[in-house]
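Before any comments, here is the structure.
What follows draws every value from the coordinates through simple rules; no lab data is involved. All values reported here derive from a predicted model rather than from experimental measurement. Glycine also receives a Cβ, built like all others from the backbone with ideal geometry; neighbour counts cover every protein chain displayed.
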Amino acid sequence: MAFSWPWATKPKSKILWLDLGDLGDLVNPSGPHEQWQDHGLGLLRTILHENGILTDLASTRAVTSWEQLAKQIQGYEILLMNVRSYTYPVALRSAKLFKELNPNGLVMAGGMHATVALDEMVEVAEFDKICQGPGEQIIVDLVKDPGAFPRVVQGVGARSMAEWPMIDRTLWPKPASWKTKRNFNWPLEPECGWGPGPVVTILTSRVCPWQCVFCNENSYIPNMGRRPVEAVIDELNFLDRKYGVGSVVIHDSMFFQNPKWLREWIEKYPRKARKVWPYWAAGRADTVRQWPDLFEALVKETNWTTISIGFESGSDRILRLLNKECTEEDNQFAIELVNRLGDEMEAHGRTPPKFWSNIMLGIPGETPEDAFKTMRMLKSMKRVFPSISFYAPYPGSALGNQLIAEGKSLMSKENYHRFPDDEKVKGIDYQFYRELLAGKYDSEINRGLGALTGYGSELYEGTLIKA
Ligand code: B12
Ligand code: SF4
């Protein structure tokens, strides 16, 4: 039987999976998103356990010091980690600590960072095996016989998410303090203001086909079939029967794609789910404009209450620079539609949908007027959670790779972590943006509102968001 710290005293398996995140995120978290669970870890541990390979679990999020972590990672032969760029600093330090404590142990790391920044990881001797790409079809063999593989391993994925097992959510780390335990709803997840708890995070699709230069996931995540609608509903019903579901977060990078799948979702979710749980999911302004009826049906019939849209900017110039393939007009169309739907639903006593509006500031090439236009766009949203961050040049993305190559990125392996207000690119006037968010230019922004309606003048103050 596998177990998780802090209740365990001695290793039961020789293999340890280390969940990554900032120290203390499951002890005394600064926000709800840090407490969300890692589906890569959940999926691969489920596959390992289904194949008879039991792993123990520790989490950097469940400790508040490296000394505490050291006690939990001693005595193991293999350390497994899912490394993303924003967890790379913690992964690096953990790998070194593991090798100090277990000089004959093997560190095997996979995850996004291995795929997009292999060079960086290859330089570090402590990483014994580095797996690029998906791991579901290789993890069992790799762990059974690491010697049969070269140091850098090409991962193998499933053709379709239909082949993925249902994650055994009890293999996820537990909240690690009385304070977090109270509201965590483990093995489901805590609420974050988008819908009632317990929250289920779930994936229905893996990759987004667009190529925004700050993201372009499809250049490094292989395409794979979407999870069948029935399987998603079955999992939600199973979790509801077992734990009771309050609301759902669909973690897909792009939920609003593939109209055939979405039509089936509209047909089956309201009929077959034990309850039409409200959910958070992501879309794009241009496709909302392209398929407005489909969008409206999703909002009204399936309870899509928190609509995440990567608006990013309110200026055509910047949208083009980002290869966003959305225009100011597309953005305005989506905003007006959601404003109207919200009014109608409210008039019928229903909860109106709300935007989770992703906005980037400090994009190289952005002028103050571009930023003012973005703020005006934000003010034309009647019901909105603004999610504003300073642009971050992540490796793997076209613009990120370019800025890193030009020596303009301020993100380093000690500081990949994305704090929304960190300074991330050389030459950006961050002071201007801080003043903008503190309201210094409000009269200018409001003057330019023109035909747009300005809702809530304090809308974006203090709204730099970490996720
Ligand atoms: C859900 C999600 C979130 C959620 C939850 C994160 C969580 N707890 O897991 C939230 C909203 C909180 C979030 C936040 C952020 N995220 Co995010 N997120 C995602 C998303 C959409 C899905 C992740 C997922 O579950 N994937 C599915 C699982 C199964 O895949 P996986 O974890 O990669 O694991 C597979 C492989 O990597 C491999 N593997 C993994 N580990 C191992 C280990 C071994 C040994 C082996 C062999 C293989 C292996 O096998 C697995 C199965 O195939 C991804 C995009 C994507 N489609 O993956 C972005 C993504 C991971 N996020 C990203 C970023 C940048 C962020 C943010 C920094 C936001 C931002 N854009 O500024 C923040 C940071 C939060 C923080 N803590 O500071 C980037 C990471 C880029 C990078 N280079 O690492 C991604 C890729 C999106 C993107 N294109 O920009 N995110
Ligand atoms: S930013 Fe959004 S739309 Fe653009 S590639 Fe990434 S997930 Fe797709």
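Between helix 292-302 and the chain, what is the angle of the helix's C-alpha long axis to the longest principal axis, kept within 0 to 90° and rounded to the nearest 10?
It works out to around 60 degrees.
Relative contact order of region 238-350: what whole-number percent is it, with Cα pairs under 8 angstrom and at least 6 residues apart?
Details: 116 pairs, mean separation 27.4, N = 113.
Answer for region 238-350 is 24 percent.
Fewest Cβ neighbours within 10 Å first, please rank His348, His113, His33 accordingly.
Exposure proxy ranking, most exposed first: His348, His33, His113.
If you rank Cys208, Cys131 by fewest surrounding Cβ atoms within 10 Å, what's the result? Write out the running numbers ahead of the final one.
Working: Cys208 20, Cys131 24.
Ranked by crowding around the Cβ, least crowded first: Cys208, Cys131.
What's the magnitude of the charge dipole for the chain around its Cα centre, counting Lys and Arg as +1 and Asp and Glu as -1 at the beta-carbon? Answer in Debye, nearest 20.
In total the dipole reaches around 1120 debye.
Let me check against my output: what whole-number percent is the relative contact order of the chain, with C-alpha pairs under 8 Å and at least 6 apart?
Relative contact order of the chain: 12 percent.
Let me know the shape class of region 33-109, please: from the alpha-carbon gyration tensor, a ≥ b ≥ c as square roots of the eigenvalues, rounded when a/c is under 1.5, otherwise prolate if a/b is greater than b/c, or oblate.
Because a/c hits 1.5 or more and a/b fails to exceed b/c, region 33-109 counts as oblate.
Angle check, please: helix 259-272 long axis (alpha carbons) against the longest principal axis of the chain (alpha carbons), in degrees 0 to 90, nearest 10.
The helix 259-272 is inclined about 80 degrees to the chain.
Less than 26 Å apart at the alpha-carbon level, and either on another chain or at least 8 residues along: which lysines does that give for Lys14?
List returned: Lys71, Lys96, Lys99, Lys129, Lys144, Lys174.
Set Lys and Arg Cβ to +1 and Asp and Glu Cβ to -1, take the dipole of the chain about its Cα centre, and tell me which of Met112, Leu410, Ile73 lies farthest positive.
The residue sitting most towards the positive pole is Ile73.
Roughly how many debye, to the nearest 20, is the charge dipole of region 65-164 about its Cα centre, given +1 on each Lys and Arg Cβ, -1 on each Asp and Glu Cβ, and no other charges? Could the numbers behind the result be given before it?
Details: 9 positive and 12 negative charges, 27 e Å.
Dipole magnitude for region 65-164 comes out near 120 debye.
Starting from the Cα gyration tensor of region 175-242, take the square roots of the eigenvalues, sort them a ≥ b ≥ c, and report rounded, prolate or oblate (rounded when a/c is under 1.5, otherwise prolate if a/b is larger than b/c, else oblate).
Numbers: a/c = 3.02, a/b = 1.61, b/c = 1.88.
Oblate, because a/c is 1.5 or more while a/b does not exceed b/c.
In percent, how large is the relative contact order of region 191-447, given Cα pairs closer than 8 Å and 6 or more residues apart?
Reported as a whole number, the value is 17 percent.
Sort Cys215, Cys326 so the one with the fewest other Cβ atoms within 10 Å of its own Cβ comes first.
Values: Cys215 22, Cys326 26.
Arranged by neighbour count, lowest to highest, Cys215, Cys326 become Cys215, Cys326.
With the Cα gyration tensor of region 15-154 giving a ≥ b ≥ c as the square roots of its eigenvalues, does the rule (a/c under 1.5 for rounded; else a/b larger than b/c for prolate; else oblate) give rounded, prolate or oblate?
Verdict is rounded for region 15-154.
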